[in-house]
Amino acid sequence: MSRPVAFVLAGGQSRRFGCDKAQVQVGHRTMLDHVVAAVQPVVDAVAVVGGVGALPDGAQPVPDLRPGGGAVLAVVAANRAWPGRDWLLLGCDLPYLDTSLLAWLARPLAESALVRLPVLGARHQYLVSFWSAAAAPVFETGLAQGIESLRAIVRTLRTELDDEAAMLAAGLDPACLADVDTPADLRPDRQSS
């Protein structure tokens, strides 16, 4: 069985942050560098969808279907570049990601499930998720129907949810899933990584 690929979304407009989050330094690396470094040991390839600026070593660019068009269009673009593969879907604004949590998230899905989402509190983590290759046609159909919401796509699928208790029971730290939407979200205790 082949390992999954990673689709890292870097084409957002970062309105709340005020500049391109992917290129913001956290410690000695950009947020995008942190995400790619965390996921590379778990996957066969890393595709960075959209965005501008230098890519980390080993990451491969995938152009957005429509720059700034959102996650559904980005996933369709990535699946067209990497057809038939299970994938980890990650935002570029996850500078605290842990490789062991990503490996745990990418474990095989139950037979009927097409996606696995971590849940922190009551919040589903859509941009730290694991998808079956069988979900790709749902994205294509959704796009053809004008559906551009990742949440709307997920609602149509059998989904596995991993809550904080499951992560803790597996010896994992759910705090590593914290994303950065504004400069205030950067954790001062993690700036030196």
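About its Cα centre, region 45-193 has a charge dipole of approximately 380 debye under the convention of +1 per Lys or Arg Cβ and -1 per Asp or Glu Cβ, with nothing else charged.
Each Lys and Arg Cβ is given +1 and each Asp and Glu Cβ -1; about its Cα centre, region 87-155 then shows a dipole of about 180 debye. Remark: region 141-182 carries a charge dipole of roughly 320 debye about the Cα centre, counting +1 on each Lys and Arg Cβ and -1 on each Asp and Glu Cβ.
Here the contact order of region 29-162, divided by its residue count and restricted to Cα pairs under 8 Å and six or more residues apart, works out to 26 percent. Since only Gly69, Leu97, Ser112 are under comparison, the one whose Cα sits farthest along the positive direction of the charge dipole of region 52-134, derived from C-beta charges on Lys, Arg, Asp and Glu, is Ser112. Taking every alpha-carbon pair within region 55-176, the share separated by more than 26 Å comes to 20 percent. Could you pull the accessible area for Arg107 with a 1.4 Å probe, rounded to 10 Å²? Per-residue accessible area (Arg107): approximately 70 Å².
The values are calculated or read from the model by the stated rules, or taken from the named source; none is laboratory data. Predicted model only: the values in this text are computed from it and were never measured. Every residue, glycine among them, receives a Cβ derived from its backbone with ideal geometry; neighbour counts consider all protein chains shown. The protein model used for the area step is the full one, side chains on, heavy atoms only, and it has no ligands, DNA or RNA in it. Shrake-Rupley method; radii C 1.70, N 1.55, O 1.52, S 1.80 Å.
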